[in-house]
Amino acid sequence: MRPKTNATTCVNTSPATAAPSTGDLIRAASASVADTAVHPMQDVINLGAEHRMNFPGTAAGNWGWRYTWAMMAPDTADRLRRFGQLYGRL
């Protein structure tokens, strides 16, 4: 069981006006005090908006996105494992 803290997770990006990257968001979720961190596969493999699986307000075309191993970068599992080890999630 991970120790609970009152720390606030902050997403640091550079420059200050930049939107957080998917890596920043995965790190923030991993660093949170939540018992569970869920990372959307599209964020894990750093895909763009064209790979969304849900389009709110539309009746058709939702939930059709599919993952293939060709989308996975060779270092993806290592990166997630490092976050898991760093934040006590393994």
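Computed from the coordinates by the stated procedures, all read-outs in this text should not be read as laboratory data. Model, not experiment: these values are computed from the prediction. Ideal geometry is used to build each Cβ from the backbone, glycine not excepted, and the neighbour counts take in all protein chains shown.
Within the range 56-90, the trypsin sites (Lys or Arg not before Pro) that combine a DSSP coil assignment with at most 11 other C-beta atoms in a 10 angstrom radius are ARG66.
Over the range 18-90, the fraction of Cα-Cα pairs per 5 Å bin, rounded to whole percents and listed from the shortest bin up, is 3, 14, 23, 20, 18, 14, 6, 2, 0. Were the residues from VAL38 through ASP78 laid out at 0.36 nm apart, the gain over their Cα-Cα distance would be 12.7 nm.
As an equivalent ellipsoid, the range 41-82 spans semi-axes of 25, 10, 7 angstrom, where each value is the square root of five times an eigenvalue of the C-alpha gyration tensor, largest first. In this label model, TYR67 and ILE45 are separated by 0.8 nm, measuring between points 7 Å along each Cα→Cβ vector.
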